[in-house]
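*Asks:* A single structure is presented below for examination.
The values are calculated or read from the model by the stated rules, or taken from the named source; none is laboratory data. Fair warning: this is a prediction, and the values are worked out from it, not measured in the lab. Heads up, the Cβs are rebuilt from the backbone with ideal geometry, glycines too, and the neighbour counts pull from every protein chain shown. SASA here: full protein model, heavy atoms, side chains in, ligands and nucleic acids out. Shrake-Rupley method; radii C 1.70, N 1.55, O 1.52, S 1.80 Å.
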Amino acid sequence: MSRSRSGARATGSHGVAGRGSVVDAPSPARTSAPPAPPGDWLFRGSDGRLTAYAPAADGLMRWTEAPGQHGWLEPDVIAVPGWAGRAAMAQTSEGYVHFAALRRAPAGTGAPEVVVATQFQSGRGLTDWRSLGVPGDGVSAGPVIAVNQVSGTVHVLVSLRAGGILRCSRNAEGGWGRWKAVTPDPYTGDLLAVMPHGGPLEIIAVGAAGVDRWVGVANGRFELRDRLRTPVVDGTPTALETGARRATYFWRYPGDDSLVAWRPGAQAQQDGGLLPVGGAAGSGRAGAARALVGGFDCTVLAQPGADGSIEVTAYVTENESYGTWWAPLGGARAYAPQVAVDSAGRIVVAALDGTGGILMARQDTAQQGLAFEGWSPVG
């Protein structure tokens, strides 16, 4: 098995990552495969069941794990009236999943509106979609969504081609406010929002000059805390809460398409504070989660490798400087991977198969190290 080093080692059954019964899936054509949500789409509910979501023709397709981890329920469609193809979601500490989506322009206008809904229990229906109105002309990125795990407030953000970044927030009582400006500065690239437990709302915005980090301060104001003069591959930024009140950000660096990590103020600032985590020739946004591996708090990353198959790495959280080993899970070609932990404490890697379905591989805890069973289709 080939491994790329950039380390915590990810080994599979019999020393080969992902060896087992393998489901062969066609390599997804990036031009025709359904797009993935711009962030997390795999969640574990308060009852321990996993739920996955992916874009469909009329909204979102949902796969819900059956009680007791006995397979999966039949997938169902979450319809979004006027669906415009974009949605994001975030989960609260209670297990609620909040959704924000774009739907086509109301009659007489040229701009789409943002709608929101909430799922309170695994497999149950959502609340009615509620309109937050039209934030402005030319939504270039978003909506993205972040939740405050302490107060329960919800924040939805969009980036406008000429109007900067706007935010609309819901308070703990469920009341939504109006759209307010984070910054009038326009950004041409990705938009990312995260709210570490106990920390302020942080926004990553990518523009022609690099990466800006905006941080919420008192009275709804935001301050520009960091500006990194670094190139970023479009569609690759992601965030993971890795410590008290802080997050680590990941994106791809042009040239070799390897992943880099950046944590504000947490490391020496040579090269802008960017830390390499390997994964050269990978593609897209990496899936990221924290999990116990061998008793250590580790960050687990998953990405499509150079050959289109999913590969993983794991390292002690916030110890990127020690290097990483990437290992392929083998067999299936897929994209937009996610990482989660199931109710049995096993690491789960899920990915879209390019035909509207989902593949999943679970950790094989009978093996030493970070080993995985073979891929299996969901639903």
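*Asks:* Are there any strands (runs of 3 or more DSSP E) wholly within segment 80-137 with 1 or more residues that are open to solvent by less than 40 Å² (accessible area, probe 1.4 Å) and hydroxyl-bearing (Ser, Thr, Tyr), and if so which?
*Replies:* So the answer is 113-119.
*Asks:* Would you call residue 55 part of a loop (DSSP other than H, G, I, E, B) and not hydrophobic (A, V, I, L, M, F, W, C)? Full working, then the answer.
*Replies:* On the way: part of a loop (DSSP other than H, G, I, E, B): no; not hydrophobic (A, V, I, L, M, F, W, C): yes.
So residue 55 does not fit the description; no.
*Asks:* Which one is most open to solvent (accessible area, probe 1.4 Å) among residues in segment 208-221 that are modelled with pLDDT under 95 and either among the charged types (D, E, K, R) or not in a strand (DSSP E or B) (or both)?
*Replies:* 219
*Asks:* Right, something else. Determine which single condition residue 307 fails, assuming it passes every other condition in (1) more than 28 Å from residue 68 (Cα to Cα); (2) in contact with a strand residue (DSSP E or B) (Cβ under 6 Å, 6 or more places away or on another chain); (3) open to solvent by 10 Å² or more (accessible area, probe 1.4 Å); (4) of a type in the set (Asp, Glu).
*Replies:* Only one criterion is unmet by residue 307, namely (2).
*Asks:* Would you pick out the residues in segment 268-304 that are in a strand (DSSP E or B) and open to solvent by less than 30 Å² (accessible area, probe 1.4 Å)?
*Replies:* Residues of segment 268-304 in a strand (DSSP E or B): 275-276, 287-293, 296-304.
287, 288, 289, 291, 293, 298, 299, 300, 301, 302, 303, 304, listed by residue number.
*Asks:* Quick check, is residue 80 under 18 Å from residue 40 (Cα atoms) and modelled with pLDDT of 90 or more?
*Replies:* Criteria not met by residue 80.
*Asks:* Mind checking which residues of segment 356-379 are in a loop (DSSP other than H, G, I, E, B) and over 17 Å from residue 62 (Cβ atoms)?
*Replies:* 364, 365, 366, 367, 368, 369, 370, 371, 373, 374, 375
*Asks:* Here's a follow-up. Considering (1) of a type outside the set (Lys, Arg); (2) open to solvent by 20 Å² or more (accessible area, probe 1.4 Å); (3) modelled with pLDDT of 95 or more, say which one residue 338 fails and leave the rest.
*Replies:* If we test residue 338 against (1) of a type outside the set (Lys, Arg); (2) open to solvent by 20 Å² or more (accessible area, probe 1.4 Å); (3) modelled with pLDDT of 95 or more, just (2) comes out false.
*Asks:* Looking for whichever is touching a Ser or Thr at 6+ places or on another chain (Cβ under 9 Å), open to solvent by 50 Å² or more (accessible area, probe 1.4 Å), modelled with pLDDT of 90 or more and in a loop (DSSP other than H, G, I, E, B) here; the options are 46, 21. Which one fits? Steps first, answer last, please.
*Replies:* Working: 21 fails: modelled with pLDDT of 90 or more.
Only one candidate passes the filter, namely 46.
*Asks:* So, of the residues in segment 222-249 that are of a type in the set (Lys, Arg) and either in contact with a strand residue (DSSP E or B) (Cβ under 6 Å, 6 or more places away or on another chain) or assigned to a strand (DSSP E or B) (or both), which turns out to be least open to solvent (accessible area, probe 1.4 Å)?
*Replies:* Just the residues of segment 222-249 that are of a type in the set (Lys, Arg), to begin with: 225, 227, 229, 245-246.
Retained after the next criterion (residues that are either in contact with a strand residue (DSSP E or B) (Cβ under 6 Å, 6 or more places away or on another chain) or assigned to a strand (DSSP E or B) (or both)): 225, 227, 229, 246.
On the way: 225: 117, 227: 120, 229: 169, 246: 93 Å².
So, considering only residues that are of a type in the set (Lys, Arg) and either in contact with a strand residue (DSSP E or B) (Cβ under 6 Å, 6 or more places away or on another chain) or assigned to a strand (DSSP E or B) (or both), the one least open to solvent (accessible area, probe 1.4 Å) is 246.
*Asks:* Here's another thing I want to ask about it. Take the residues in segment 279-291 that are at pLDDT 95 or above and of a type in the set (A, V, I, L, M, F, W, C); name whichever of them is nearest to residue 260 (Cα to Cα).
*Replies:* Across segment 279-291, the extreme among qualifying residues is 286.
*Asks:* Considering segment 322-335 alone, what residues qualify as being in contact with a Pro (Cβ under 9 Å, 6 or more places away or on another chain) and open to solvent by 10 Å² or more (accessible area, probe 1.4 Å)?
*Replies:* 333, 335
*Asks:* Could you run through segment 138-181 and say how many residues are surrounded by fewer than 22 Cβ atoms within 10 Å (Cβ to Cβ) and among the β-branched types (Val, Ile, Thr)?
*Replies:* Summing the residues that are surrounded by fewer than 22 Cβ atoms within 10 Å (Cβ to Cβ) and among the β-branched types (Val, Ile, Thr) in segment 138-181 gives 2.
*Asks:* I'd like to verify a number: residues in segment 187-196 that are open to solvent by 20 Å² or more (accessible area, probe 1.4 Å), of a type outside the set (A, V, I, L, M, F, W, C) and out of contact with any Ser or Thr (no Cβ under 8 Å at 6 or more places or on another chain), how many?
*Replies:* Residues that pass the stated criteria total 0.
*Asks:* Against the condition in contact with a Phe, Trp or Tyr (Cβ under 8 Å, 6 or more places away or on another chain) and open to solvent by 10 Å² or more (accessible area, probe 1.4 Å), how does residue 318 come out, does it pass?
*Replies:* Values: in contact with a Phe, Trp or Tyr (Cβ under 8 Å, 6 or more places away or on another chain): no; open to solvent by 10 Å² or more (accessible area, probe 1.4 Å): yes.
Against the criterion (in contact with a Phe, Trp or Tyr (Cβ under 8 Å, 6 or more places away or on another chain) and open to solvent by 10 Å² or more (accessible area, probe 1.4 Å)), residue 318 does not qualify.
*Asks:* Still on this structure: What are the pairs with Cβ atoms under 7 angstrom where one residue, in segment 64-78, is more than 13 Å from residue 342 (Cα to Cα) and the other, located anywhere, is among the aromatic types (Phe, Trp, Tyr) and assigned to a strand (DSSP E or B)? Sequence gap at least six, or different chains.
*Replies:* Close Cβ pairs (under 7 Å, with a partner that is among the aromatic types (Phe, Trp, Tyr) and assigned to a strand (DSSP E or B)) amount to 72/63; 75/63.
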